[in-house]
Structures are given as C-alpha cells and as structure tokens.
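This report refers to the structure that appears directly beneath it.
The values are calculated or read from the model by the stated rules, or taken from the named source; none is laboratory data. This structure is a prediction, so every number in the text was calculated from the model and none was measured. Backbone-built Cβ (ideal geometry, glycine too); neighbour counts: all protein chains shown. The area values use the complete protein model at the heavy-atom level, side chains included, leaving out ligands, DNA and RNA. Shrake-Rupley method; radii C 1.70, N 1.55, O 1.52, S 1.80 Å.
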Amino acid sequence: MKEVDFKENLNCIKEISKGRYRIILDFATTGILKYLIRDNYKYVWVHNHTTSNGFHWQKYSLPIMEEMQNLNVLAKGLKFDFILTTEEFKPLMSDWKRGIEMIQLNQLPPDYLDLDKIKGNRRYELLESECDYLFEAVIPSATDYGMLVSPDRTYLQSLLDNPEIDWEKLP
C-alpha cells in the first residue's frame, strides 16, 4: 500500500462522504474570504465568534433575562453566533484579522441546529436540507491548517482554478 504524504491532501478536493467535499487549506488567513463569498447566497453565519478582548472585562449591553431590556454589564469571554446578510458581511471581510468559523447559506437555520452539538454527516445533511448552504469554512486565528467543506464540487473546483488565488501562498 502506497504511503500518502500529508501534503498531497492540501489545497485539493477530497470527497469526505457521498456528495460532500473538502479542501484542507494550507495556512490560509481570512484574506481568502473575498474569494469564497458568493453574492447569490443570502446569509453568512459566523459561528463561535469571540470578542477581540475576550480575556478583559469590557462594558457590553447584553440580554441578561428574556423579560427585560438589555443591561449594561461588564463581561469577558463572550462567545456567540451571529448571522448577517451577505451584503452586510462583505464590508467586514477586509478588516477581519482573526480566525473565523463561517457558513454561507440561503435559508436561515432552524433554532435547533446547534453546531456545537451536531457534528459529522448529520451536521452537513441538516445544513444542506434546512439551510441550502454553499460552504463551511474554518480558518484558525493562528497560522495553521484551515478547512473548507461544500456539497458543491464545482464551486470548490472554481476556487482551485481561480488564477487570483495563489495556492502555494494562501492569503
């Protein structure tokens, strides 16, 4: 059996399950976002977002209890999901310097779709059937391998074929 070099799996399309494809991104940064986003998909869901000063107490206006208005509180370590329209998200891309976990989709996700709990094939089945997603991208804050998953092999191939993306030195 031929031994596979790990580098042979970088920046190429691999089918990870029937109808689901992945590219392992070799040291990608959020600079690649401008190539990933498609205008014909309505929303961007950012998952597990943390505030920039996550270890320091900062003043925020937060919903402490459902029955009352937001309260101004000191908080730290905030981690949350948010959804913006694609048009609202696009201006943020050039200033996004830290890592990101994101999904571009056409339908808003149902409340029960908890990405921290639903993993593997079931996660992608639900993203496809309930959200009509184009891709999920995980780009770490530190220089490390990222991941791009999509049910659309043609979309992923269009990225690999894009002459503006230097796959030897990802943005």
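Key figures for this structure:
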quantity	calculated
Enumeration of residues in segment 14-38 that are part of a strand (DSSP E or B) and surrounded by 15 or more Cβ atoms within 10 Å (Cβ to Cβ)	20, 21, 22, 23, 24, 25
Residue count for segment 84-99, restricted to those that are within 20 Å of residue 145 (Cα to Cα) and open to solvent by 50 Å² or more (accessible area, probe 1.4 Å)	2
Residue, surrounded by the fewest Cβ atoms within 10 Å (Cβ to Cβ), within segment 129-143, restricted to residues that are under 15 Å from the mean Cα position of the chain (by Cα) and among the charged types (D, E, K, R)	132
Test result for residue 8, within 30 Å of residue 162 (Cα to Cα), without any contact (Cβ under 8 Å) to a residue 24 or more places away in the chain and open to solvent by 40 Å² or more (accessible area, probe 1.4 Å)	yes
Qualifying residue in segment 66-74 (condition: at pLDDT 90 or above, surrounded by 12 or more Cβ atoms within 10 Å (Cβ to Cβ) and either basic (Lys, Arg) or within 13 Å of the chain's Cα centre (by Cα) (or both))	no
Flag for residue 164 being closer than 30 Å to residue 18 by Cα, open to solvent by 50 Å² or more (accessible area, probe 1.4 Å) and touching a residue at least 60 places away in the same chain (Cβ under 8 Å)	yes
In segment 82-99, the residues that are modelled with pLDDT under 95 and touching a strand residue (DSSP E or B) at 6+ places or on another chain (Cβ under 7 Å)	99
Flag if residue 111 is loosely packed, with under 14 Cβ neighbours inside 10 Å and over 17 Å from residue 33 (Cα atoms)	yes
Lone unmet requirement of (1) surrounded by 19 or more Cβ atoms within 10 Å (Cβ to Cβ); (2) under 17 Å from residue 38 (Cβ atoms); (3) of a type in the set (Phe, Trp, Tyr) for residue 155	(1)
Residue 148 open to solvent by less than 80 Å² (accessible area, probe 1.4 Å) and outside any loop (DSSP other than H, G, I, E, B)	yes
